[in-house]
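The values are calculated or read from the model by the stated rules, or taken from the named source; none is laboratory data. The structure displayed is predicted, hence computed values, not measured ones. Positions of Cβ are backbone-derived with ideal geometry, glycine not excepted, and every protein chain shown enters the neighbour counts.
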Amino acid sequence: MNFLFEESNILESPYEAFLFDAKNSLFPIKAHLHYFMEIIFMLRGTAIINCNKEEYLLEPGDLILFHPNTIHSIFSVSREPLKYDVLKFDINSININSSYTPKLSIIFRCAEGNMDAPVFFSSDNFKDFALDNLMNCCIKEINNKDYGYDIKIQTLIASLLIEILRIWRKHGFDTNNIAVIDDDSDSLHSLLQYIDEHSHESIKVEDLAEKCHMSYSYFAKKFHEMYGQSCKDYIEFIRLSKVKDLLLFTKFDLNYISQETGFADCSHLIRTFKKSIGITPKQFRLQHIKKNN
């Protein structure tokens with residue numbers, strides 16, 4: 001079964017930092033999501049990054065941020081192998097805050113889906129900030145694990161997150177009136193893994209609401225508030241993400257793919273795919289075969 005969730009042990013390893021070189025690693029990066037936050041800083045080559053339903057073109061010096069539970073994948077559109085720095089961390093472990101601002105985890109949770117808080121940053125955004133040096137320091141701290149490295153890397157990550165917040169504030173993101181995150185958000189976040197693991201089955205929104213101990217109407221309202229779409233649309237999005245992976249990375253026919261991804265039949269898959277993506281699954285597969293040749 002094809003799962004989108006990437007397992008991690010954030011209790012024992014709340015921080016990761018490393019240099020990714022596509023020349024020495026499995027590539028492209030299939031669609032996946034995880035509980036931690038991830039930041040990518042492009043060093044070499046040009047990448048197409050799909051993040052939820054948006055597509056971004058990253059060139060050297062550009063940066064992208066993936067919020068927790070954000071589906072993303074990475075492809076190359078350059079002849080030279082991609083190379084980029086990766087920083088992964090549990091934002092809840094970053095405890096640096098001041099008397100007049102909420103915790104960073106709360107601010108960034110409220111930034112999810114906000115038009116004034118974009119996840120893509122061009123190199124111009126960091127022209128006065130030594131981003132390459134900061135990423136190198138994070139990698140060094142993780143590799144060496146010297147005395148107090150956890151405090152040092154918290155400080156480095158917090159410095160980067162504050163810089164991102166300053167950029168967002170210039171875009172109009174209001175950090176002064178951050179809403180209080182209620183307890184329901186945690187149960188909804190944990191529900192995403194259930195949807196991922198059972199997306200090949202028949203899933204009823206009413207049953208999901210019951211799992212979260214909420215009424216259907218309250219569940220539907222809270223889900224839309226957090227993810228900007230209905231739960232039904234999210235389930236369809238998860239299924240289509242898995243369809244794309246199977247089209248790109250396997251030679252399975254549409255009958256098999258429809259069974260593996262929770263669609264009633266092949267016709268249902270084709271209709272849904274074309275309505276959402278704009279082309280048929282066959283056209284999608286052929287287009288990407290041509291791009292990679």
**Request:** Looking only at region 258-265, decide whether some residue is surrounded by 19 or more Cβ atoms within 10 Å (Cβ to Cβ) and either β-branched (Val, Ile, Thr) or assigned by TED's automatic domain parsing to the domain that holds His32 (or both).
**Result:** yes
**Prompt:** Mind checking whether some residue in region 270-290 is of a type in the set (Val, Ile, Thr), surrounded by fewer than 13 Cβ atoms within 10 Å (Cβ to Cβ) and assigned to a helix (DSSP H, G or I)?
**Reply:** yes
**Prompt:** Restricting the search to region 1-22, which residues are more than 16 Å from Asp150 (Cα to Cα) and modelled with pLDDT of 90 or more?
**Reply:** Leu19, Phe20, Asp21, Ala22
**Prompt:** What do you reckon, is Ile106 part of a strand (DSSP E or B), buried (at least 16 other Cβ atoms within 10 Å of the Cβ) and either modelled with pLDDT under 95 or at negative phi (or both)?
**Reply:** no
**Asked** Of the residues that sit in region 182-213 and are modelled with pLDDT of 90 or more and of a type in the set (A, V, I, L, M), which one is farthest from Phe263 (Cα to Cα)?
**Response** Ala209
**Single unsatisfied condition, Cys137 versus (1) part of a helix (DSSP H, G or I); (2) touching a residue at least 60 places away in the same chain (Cβ under 8 Å); (3) hydrophobic (A, V, I, L, M, F, W, C)** = (2)
**Request:** Go through region 140-151 residue by residue and tally those that are in a helix (DSSP H, G or I), free of Cβ contacts under 8 Å to residues at least 12 places away in the same chain, over 20 Å from Lys83 (Cβ atoms) and of a type outside the set (S, T, N, Q).
**Result:** 2
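Filter region 195-213 for residues that are touching a helix residue (DSSP H, G or I) at 6+ places or on another chain (Cβ under 7 Å) and surrounded by 14 or more Cβ atoms within 10 Å (Cβ to Cβ) and give the result.
The answer is Ile195, Asp196, Ser199, His200, Ile203, Val205, Leu208, Ala209, Cys212.
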**Item:** Filter pass, Leu26 being in a strand (DSSP E or B) and not basic (Lys, Arg)
**Value:** no
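If the requirement is being over 21 Å from Lys232 (Cα atoms) and assigned by TED's automatic domain parsing to the domain that holds Phe237, which of these qualifies: Phe284, Phe273?
After ruling out the rest, the residue left standing is Phe284.
Taking Asn50 as the residue in question, decide whether it is assigned to a strand (DSSP E or B), without any contact (Cβ under 8 Å) to a residue 40 or more places away in the chain and under 30 Å from Leu191 (Cβ atoms). Give the derivation first.
Details: assigned to a strand (DSSP E or B): yes; without any contact (Cβ under 8 Å) to a residue 40 or more places away in the chain: yes; under 30 Å from Leu191 (Cβ atoms): yes.
Answer is yes for this residue.
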**Asked** Just checking, how many residues over region 254-293 are under 16 Å from Ser199 (Cβ atoms) and β-branched (Val, Ile, Thr)?
**Response** 3
